[in-house]
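Engineer: This is the structure I have questions about; it appears just below.
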Amino acid sequence: MSKNTIKLFLVLVLVLAMVAGCSAKVEEPVVEEPVVEEPVVEEPVVEEPVVEEPEEVMTVGLITDIGGIDDKSFNQGTWEGILEFAEDFNLSEEEYKYIQSESDADYLPNLSTFADEEMDLIVAPGFLFFDSMTEVAELYPDQKFLLIDSVVDASNVASAVFAEHEGSFLVGVAAALKAQEAGQDTVAFLGGMDFGLIQKFEAGFEAGVWAVDPDMTVLVDYAGAFNDAQKGQTFASKFYDQGAYIIYHAAGGTGNGVIKEAKDRVQNGEDVWVIGVDKDQYDDGIYEADKSVILTSMMKRVDVAAYTVCENVLNEEFTGDILVFNLANGGVSIPAENPNLNAEWETEIQDFADQVIAGEIIVPEAPVRILEED
Amino acid sequence: MSKIKKLLLDETKYKITVPIIAILLSFLIGTIVMLLTGINPLGAFKALARTMTGINFDKLFTDKMFNARYVGEFLTTALPITLTGLSVAFAFRTGLFNIGAEGQLLVGAMAATVTSIMLDLPAIIHLPIVILSAALAGALWGFVPGILKAKYNVHEVVVTIMMNYTALHMTNYLLKKLPGSSLIKTVKSNPSGTLQSDFIASITNNSRLHWGIIVVGLSILVFWYIIEKTSFGFELRSVGFNPDASKYAGMKVTRNVMFSMMIAGAFAGLAGAMLSIGTFDYGRILVGFENYGFDGIAVALLGGNVAIGVLLSGLLFGGLKSAQPLMQANGVPLEIAKIISSLIVLFVAMKYGFEMWLRTYAKKQEEEGK
């Protein structure tokens with residue numbers, strides 16, 4: 001009985017697959033009816049010799065997490081790095097592409113799809129890919145992967161990690177300088193979720209603030225989500241009501257709510273600021289003309305990481321190691337231009353940066369609240 | 001031609017012709033959208049065909065022609081939405097609108113994870129317990145709106161929507177409390193209490209397809225049997241057509257409403273097990289809904305609330321969903337597949353319009369014939 005059931009089921013599956021195949025074919029003549037279409041289909045055939053002229057350089061595929069390609073953060077930053085690489089090394093349009101994931105159920109099949117296409121390098125930004133990357137790396141041992149912001153121990157996976165605490169240290173310095181100028185004594189940190197990686201941001205930020213002014217209060221909270229702008233706005237509102245002058249957010253899309261709250265308040269005549277994360281968020285904070293609530297941003301140069309590893313693959317120097325991107329190699333930084341910081345502060349921030357690079361200042365990776373617990 | 005015409009005009013076949021018209025129209029409009037935005041629609045169709053058959057039509061007769069992984073992933077995607085489709089369809093046959101499949105799915109997924117992780121039994125006992133617990137949890141989540149509807153006439157739409165949120169936060173809370181859970185997931189489920197199978201993985205080129213395919217097959221049979229072959233099913237349908245007449249005929253309307261919601265909940269609970277001990281091998285702490293329940297509404301709607309229809313439309317929606325990586329690799333954006341699936345729902349919802357149109361067309365033909 002049950003064997004028959006399975007047979008019946010499988011037959012149904014096949015039938016439907018055939019029906020679906022047919023229905024797709026039925027469409028085609030309908031599509032071709034407008035005469036214009038045919039040359040469109042033929043064009044690639046004509047172009048092919050043209051495409052072949054610049055020989056195939058290498059193929060790169062990016063899988064985004066659920067934030068999407070235009071998340072103004074990690075996915076987008078990584079993609080920009082790949083775009084820059086593609087431009088510098090004349091990759092043809094066919095050679096670099098991305099797949100957007102709709103839910104975490106998509107990560108594994110998306111990675112496998114590119115692996116089946118035998119891309120030279122598959123890039124996945126974000127720790128959310130840890131599980132799927134571990135699995136896929138084992139299934140496709142000859143495929144080269146780059147995992148950004150998390151570490152998978154496999155010989156075919158390059159893991160790019162960032163010295164976020166060093167970058168956060170710099171924006172902490174900037175926050176303290178700005179708050180001092182305004183005569184304020186409280187700044188705040190909003191994290192996405194409370195675990196090691198995000199705590200590094202918190203640790204660097206508070207160390208930076210206290211390096212300038214040890215008496216300053218740093219409020220800390222975690223939103224519990226990376227993609228909930230509404231929550232971000234609620235937390236921001238709470239912080240500002242508690243007297244925070246500047247909020248540094250390390251919360252991805254949740255942070256967009258922080259920026260929105262700051263904009264609303266500034267437009268109502270309040271004086272508050274936000275420090276952006278991952279990429280230069282100045283444009284996101286613009287509320288009128290070119291004025292922005294973004295004081296500065298802690299840039300995690302995922303683009304540098306993607307670019308570097310692409311280049312490694314091209315030069316056949318790819319290794320499945322951990323690559324650390326820090327202040328010294330430009331992997332974390334504040335933006336080149338900070339309209340809301342004056343030159344004096346920028347010099348001071350650069351001084352601190354030089355000290356960190358020289359090893360004179362060691363920025364802690366765990367916040368004080370955690371260290372005190374132990 | 002005349003055969004097709006005849007089929008189109010046959011009023012008894014509207015149940016089949018209308019959804020097919022809706023699907024064809026949606027693909028047509030999807031194609032037009034792609035042409036207007038400068039995307040090659042062939043890329044989309046090739047991706048869809050390759051996802052559902054595993055055959056790469058660009059590389060026919062090479063060793064890369066067939067990849068069973070795509071078929072496996074396609075079926076894996078279709079399993080939960082077929083079950084939530086059954087859930088919505090079952091309630092609908094009793095005249096109830098089950099918006100709560102999402103929540104029932106979540107508690108089902110949680111129950112499966114909990115029993116899988118916490119119990120340690122031989123697989124032959126463990127796995128059935130795990131699957132049954134998912135169904136029971138879903139049934140319990142369906143029981144609440146069911147009894148509120150039956151006893152106090154509280155509208156099930158309101159209750160089920162509320163219970164979706166309750167389920168989301170409650171399951172997140174409880175999953176985090178399990179031993180070894182992190183902030184985003186629980187530990188791996190017990191090998192004796194999982195649907196995952198190395199055997200299926202090995203024959204489908206390491207896809208995530210799992211034994212849940214049998215659960216879904218049986219569920220479809222159970223659905224069909226209850227609705228079409230039992231007097232209980234007859235009563236349910238009768239209540240769906242006209243509760244007052246059914247009551248007058250001596251049927252226990254309140255009891256039937258309650259059971260209907262519970263069975264619907266059980267199907268959705270099983271869908272949860274497909275995810276938490278099938279597609280994934282651990283419980284996930286979710287940030288928000290993943291819309292399997294809402295996909296289920298679309299599946300049930302297109303499938304005309306009958307078992308075989310739900311299966312076919314579950315496969316179609318599963319195909320559209322799982323074709324997305326290939327579509328995007330072929331340069332077709334994520335949104336196109338969404339546009340097509342939404343259009344299908346829109347057109348099926350317009351079925352009375354189509355029926356009216358077909359009837360006028362039939363009349364015209366008749367007059368011309370005379």
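The values are calculated or read from the model by the stated rules, or taken from the named source; none is laboratory data. Treat the numbers as computed from the prediction; the structure is a model and nothing was measured. Every residue, glycine as well, gets a Cβ built from its backbone with ideal geometry; the counts of neighbours run over all protein chains shown.
Engineer: For B:Y14, are the conditions met, namely being facing another protein chain (nearest Cβ under 9 Å) and aromatic (F, W, Y)?
Structural biologist: no
Engineer: Being touching a Leu at 6+ places or on another chain (Cβ under 6 Å) and either of a type outside the set (D, E) or modelled with pLDDT of 90 or more (or both) is true for just one of A:I349, A:I294, A:I322, A:I286. Which residue is that? I'd like the intermediate steps shown before the answer.
Structural biologist: Working: A:I294 fails: touching a Leu at 6+ places or on another chain (Cβ under 6 Å); A:I322 fails: touching a Leu at 6+ places or on another chain (Cβ under 6 Å); A:I286 fails: touching a Leu at 6+ places or on another chain (Cβ under 6 Å).
Within the list A:I349, A:I294, A:I322, A:I286, the selection yields A:I349.
Engineer: So B:M261 passes all but one of these: (1) touching a helix residue (DSSP H, G or I) at 6+ places or on another chain (Cβ under 7 Å); (2) not in a helix (DSSP H, G or I). Which condition number does it fail?
Structural biologist: (2)
Engineer: Moving on to the next point. Within the range A:148-228, which strands (runs of 3 or more DSSP E) (wholly inside it) include 3 or more residues that are closer than 23 Å to A:S333 by Cα and in contact (Cβ under 8 Å) with a residue 60 or more places away in the chain? Working first, answer last.
Structural biologist: On the way: elements: A:157-162, A:186-191, A:217-222.
It comes to A:157-162, A:186-191.
Engineer: Still on this structure: For the range A:83-125: of the residues being surrounded by fewer than 21 Cβ atoms within 10 Å (Cβ to Cβ) and of a type in the set (A, V, I, L, M, F, W, C), which is farthest from the other protein chains (Cβ to nearest Cβ)?
Structural biologist: Ranking the qualifying residues of the range A:83-125, first place goes to A:F89.
Engineer: So, one more: Could you say which residue among B:I226, B:I203 is in contact (Cβ under 8 Å) with a residue 12 or more places away in the chain, over 23 Å from the mean Cα position of the chain (by Cα), more than 23 Å from B:M110 (Cβ to Cβ) and surrounded by fewer than 21 Cβ atoms within 10 Å (Cβ to Cβ)?
Structural biologist: B:I203
Engineer: For the range A:345-361, name all the residues that are surrounded by 12 or more Cβ atoms within 10 Å (Cβ to Cβ) and either in contact (Cβ under 8 Å) with a residue 24 or more places away in the chain or outside any helix (DSSP H, G or I) (or both).
Structural biologist: Selection gives A:W345, A:E348, A:I349, A:F352, A:A353, A:V356, A:I357, A:I361.
Engineer: Return only the number of the condition from (1) buried (at least 24 other Cβ atoms within 10 Å of the Cβ); (2) of a type outside the set (V, I, T); (3) within 11 Å of chain A (Cβ to nearest Cβ); (4) in contact with a Ser or Thr (Cβ under 8 Å, 6 or more places away or on another chain) that B:L24 does not satisfy.
Structural biologist: Against the list (1) buried (at least 24 other Cβ atoms within 10 Å of the Cβ); (2) of a type outside the set (V, I, T); (3) within 11 Å of chain A (Cβ to nearest Cβ); (4) in contact with a Ser or Thr (Cβ under 8 Å, 6 or more places away or on another chain), B:L24 comes up short only on (1).
Residue by residue, here is whether (1) within 16 Å of B:L270 (Cα to Cα); (2) in a helix (DSSP H, G or I); (3) facing chain A (nearest Cβ under 10 Å) holds:
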| residue | (1), (2), (3) |
| --- | --- |
| B:S181 | no, no, no |
| B:S192 | no, yes, no |
| B:L209 | yes, no, no |
| B:I213 | yes, yes, yes |
| B:G217 | yes, yes, yes |
| B:L221 | yes, yes, yes |
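Engineer: Quick check on my filter: what residues within the range B:62-83 are farther than 25 Å from B:A135 by Cβ, of a type outside the set (F, W, Y) and more than 9 Å from chain A (Cβ to nearest Cβ)?
Structural biologist: Those that are farther than 25 Å from B:A135 by Cβ, of a type outside the set (F, W, Y) and more than 9 Å from chain A (Cβ to nearest Cβ): B:T62, B:D63, B:M65, B:A68.
Engineer: Turning to a different aspect of this structure: With respect to B:L7, is the statement that it is at pLDDT 80 or above and surrounded by fewer than 18 Cβ atoms within 10 Å (Cβ to Cβ) true?
Structural biologist: When the stated conditions are applied, B:L7 does not pass them.
Engineer: For the condition at positive phi, surrounded by fewer than 23 Cβ atoms within 10 Å (Cβ to Cβ) and assigned by TED's automatic domain parsing to the domain that holds A:P141, what is the one hit in A:E316, A:E311?
Structural biologist: Going through A:E316, A:E311 in turn, just one is at positive phi, surrounded by fewer than 23 Cβ atoms within 10 Å (Cβ to Cβ) and assigned by TED's automatic domain parsing to the domain that holds A:P141: A:E316.
Engineer: Determine which single condition A:K300 fails, assuming it passes every other condition in (1) within 14 Å of A:F325 (Cβ to Cβ); (2) free of Cβ contacts under 8 Å to residues at least 60 places away in the same chain; (3) among the basic types (K, R).
Structural biologist: (2)
Engineer: Condition test on B:S87, is it under 20 Å from the mean Cα position of the chain (by Cα) and within 12 Å of chain A (Cβ to nearest Cβ)?
Structural biologist: When the stated conditions are applied, B:S87 does not pass them.
Engineer: Return the residues of the range B:33-51 that are surrounded by 14 or more Cβ atoms within 10 Å (Cβ to Cβ) and either more than 25 Å from the chain's Cα centre (by Cα) or without any contact (Cβ under 8 Å) to a residue 12 or more places away in the chain (or both); say none if nothing qualifies.
Structural biologist: Pass one, the range B:33-51, residues surrounded by 14 or more Cβ atoms within 10 Å (Cβ to Cβ): B:33-35, B:39-51.
B:V33, B:M34, B:L35, B:I39, B:N40, B:P41, B:L42, B:G43, B:F45, B:A49, listed by residue number.
Engineer: In addition: Based on this model, can you work out whether B:R93 counts as at pLDDT below 95, under 30 Å from B:S276 (Cβ atoms) and within 11 Å of chain A (Cβ to nearest Cβ)? Let's see the steps before the verdict.
Structural biologist: Working: at pLDDT below 95: yes; under 30 Å from B:S276 (Cβ atoms): yes; within 11 Å of chain A (Cβ to nearest Cβ): no.
Here the answer is no, as B:R93 does not meet what is asked.
Engineer: Please determine, by comparing only the residues of the range A:217-241 that are at pLDDT 95 or above and aliphatic (A, V, I, L, M), which one is nearest to A:L197 (Cα to Cα).
Structural biologist: Across the range A:217-241, the extreme among qualifying residues is A:V220.
Engineer: Do any helices (runs of 4 or more DSSP H) lying entirely in the range B:266-370 carry at least 2 residues that are without any contact (Cβ under 8 Å) to a residue 40 or more places away in the chain, within 14 Å of another protein chain (Cβ to nearest Cβ) and crowded, with 21+ Cβ neighbours inside 10 Å, and which ones are they?
Structural biologist: B:324-329
Engineer: All but one of (1) under 30 Å from B:K176 (Cβ atoms); (2) touching a strand residue (DSSP E or B) at 6+ places or on another chain (Cβ under 9 Å); (3) surrounded by fewer than 24 Cβ atoms within 10 Å (Cβ to Cβ) hold for A:G191, so report the exception by its number.
Structural biologist: Status for A:G191: all satisfied but (3).
Engineer: Exactly one of (1) crowded, with 21+ Cβ neighbours inside 10 Å; (2) within 30 Å of B:K149 (Cα to Cα); (3) more than 11 Å from every other protein chain (Cβ to nearest Cβ); (4) not aliphatic (A, V, I, L, M) is unmet by B:P19. Its number?
Structural biologist: (2)
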